[in-house]
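Enquirer: Sharing a structure, written as structure tokens. Questions coming.
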């Protein structure tokens, strides 16, 4: 059995072999003498005396009257051994905390500098929903001035809105402006309406369109998060200035054509949104777009879409879809 340690100056403090035997022998008696220890552990007298002096140096033995020794608690030895290590650990922890504080202050400078933007990859692929959420949380936390968002597809899931609400409250609390585009169909979602009713007084601007604009989020006009082709759960982070500028200009071009999201139920506004949806459907019918494609573009179910198409055909007096397309084309030509 080996017991060893080091003091602050790295000097070895061994307790093994015959030293350990001598200590065990002394612990079993009130006091011991070098001669009897030598006999007990099978050493000569000189070695036994050296071992006993060494154990005294570790405060594991105390000399008594004459040439005897008595054992003492190893806790005394342990306290003397550990105390310097504890002090050193406390000093290291204090030094680490100081370094972390310095690094945090430097990180704040870096986060606000062009260097961060220059070092981000121009295209960064996020392959799954977890990496997308992590990236959105980080980008939202770093946003300084403005966030532009477009969320087509009609009503949004409640759990998605709950997660977005936490980010939005944090962003608006830092006086970062937010503008969001939904589709008209999102107005008929109680969860989406409740979300908008909550964030609008905080400063968020929310508008709706009939046909879906592309899905995007742009942070400070520097970084855009766009859909990942072929993967509905993923996204890409784009930092290329030309691409981001193009996306922002497209958003700005569409924004004035959108209608404010009604935070409370207004029958006339709801009817107006419904009529605009029917008008968009009519235009898509003229283009020969299939029902399921129309439904996807307008963010509604196929059944709801077909009900709107039926209303349009009834108004036109059309016998079938082909006839409706013909009548609509004639109406458009007459208006020209």
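Enquirer: From the list 317, 299, which one is modelled with pLDDT under 75, crowded, with 19+ Cβ neighbours inside 10 Å and either out of contact with any helix residue (DSSP H, G or I) (no Cβ under 6 Å at 6 or more places or on another chain) or not assigned by TED's automatic domain parsing to the domain that holds residue 214 (or both)?
Expert: Numbers: 317 fails: crowded, with 19+ Cβ neighbours inside 10 Å.
Result of the check over 317, 299: 299.
Enquirer: Hey, which of the helices (runs of 4 or more DSSP H) in region 91-202, taking only ones fully inside, have at least 3 residues that are at pLDDT below 85 and within 28 Å of residue 245 (Cβ to Cβ)? Break it down stepwise before answering.
Expert: On the way: elements: 114-119, 129-142, 158-173, 190-199.
Hits in region 91-202: 114-119.
Enquirer: Kindly indicate whether any position in region 201-208 is farther than 15 Å from residue 152 by Cα, in the same structural domain as residue 132 (by TED's automatic domain parsing) and surrounded by fewer than 14 Cβ atoms within 10 Å (Cβ to Cβ).
Expert: Yes, there is a match, as at least one residue in region 201-208 is farther than 15 Å from residue 152 by Cα, in the same structural domain as residue 132 (by TED's automatic domain parsing) and surrounded by fewer than 14 Cβ atoms within 10 Å (Cβ to Cβ).
Enquirer: Regarding region 149-164, can at least one residue be identified that is under 18 Å from the mean Cα position of the chain (by Cα) and more than 30 Å from residue 305 (Cβ to Cβ)? Steps first, answer last, please.
Expert: We begin by selecting, within region 149-164, every residue under 18 Å from the mean Cα position of the chain (by Cα); these are 159-164.
Remaining after also requiring more than 30 Å from residue 305 (Cβ to Cβ): none.
Within region 149-164, none of the residues are under 18 Å from the mean Cα position of the chain (by Cα) and more than 30 Å from residue 305 (Cβ to Cβ).
Enquirer: Can you tell me which residue is surrounded by the most Cβ atoms within 10 Å (Cβ to Cβ) among those in region 250-283 that are assigned to a helix (DSSP H, G or I) and modelled with pLDDT of 80 or more? Steps first, answer last, please.
Expert: If we filter region 250-283 for residues that are assigned to a helix (DSSP H, G or I), which is where we start, we get 250-257, 267-283.
Applying the additional criterion that residues be modelled with pLDDT of 80 or more yields 250-257.
Numbers: 250: 14, 251: 20, 252: 11, 253: 10, 254: 16, 255: 16, 256: 7, 257: 10.
Applying the filter and picking the extreme gives 251.
Enquirer: Provide a single number: the residues in region 203-217 that are assigned to a strand (DSSP E or B) and at pLDDT below 90.
Expert: At the first step, the residues of region 203-217 found to be assigned to a strand (DSSP E or B) are 205-209, 216-217.
After this cut, where a residue has to be at pLDDT below 90 as well, the list is 208-209.
Qualifying residue count, region 203-217: 2.
Enquirer: Then there's this: For region 218-235, which residues satisfy the criterion of being part of a strand (DSSP E or B) and surrounded by fewer than 21 Cβ atoms within 10 Å (Cβ to Cβ)? If you could, list the steps in order and put the result at the bottom.
Expert: The initial filter retains those residues of region 218-235 that are part of a strand (DSSP E or B), namely 218-219, 223-228, 231-235.
Within region 218-235, 223, 226, 227, 228, 231, 232, 233, 234 qualify.
The values are calculated or read from the model by the stated rules, or taken from the named source; none is laboratory data. Please read these numbers as outputs of a predicted model, since none were measured by experiment. Don't worry about glycine lacking a Cβ; one is built from the backbone with ideal geometry, like all the others, and counts go over all protein chains shown.
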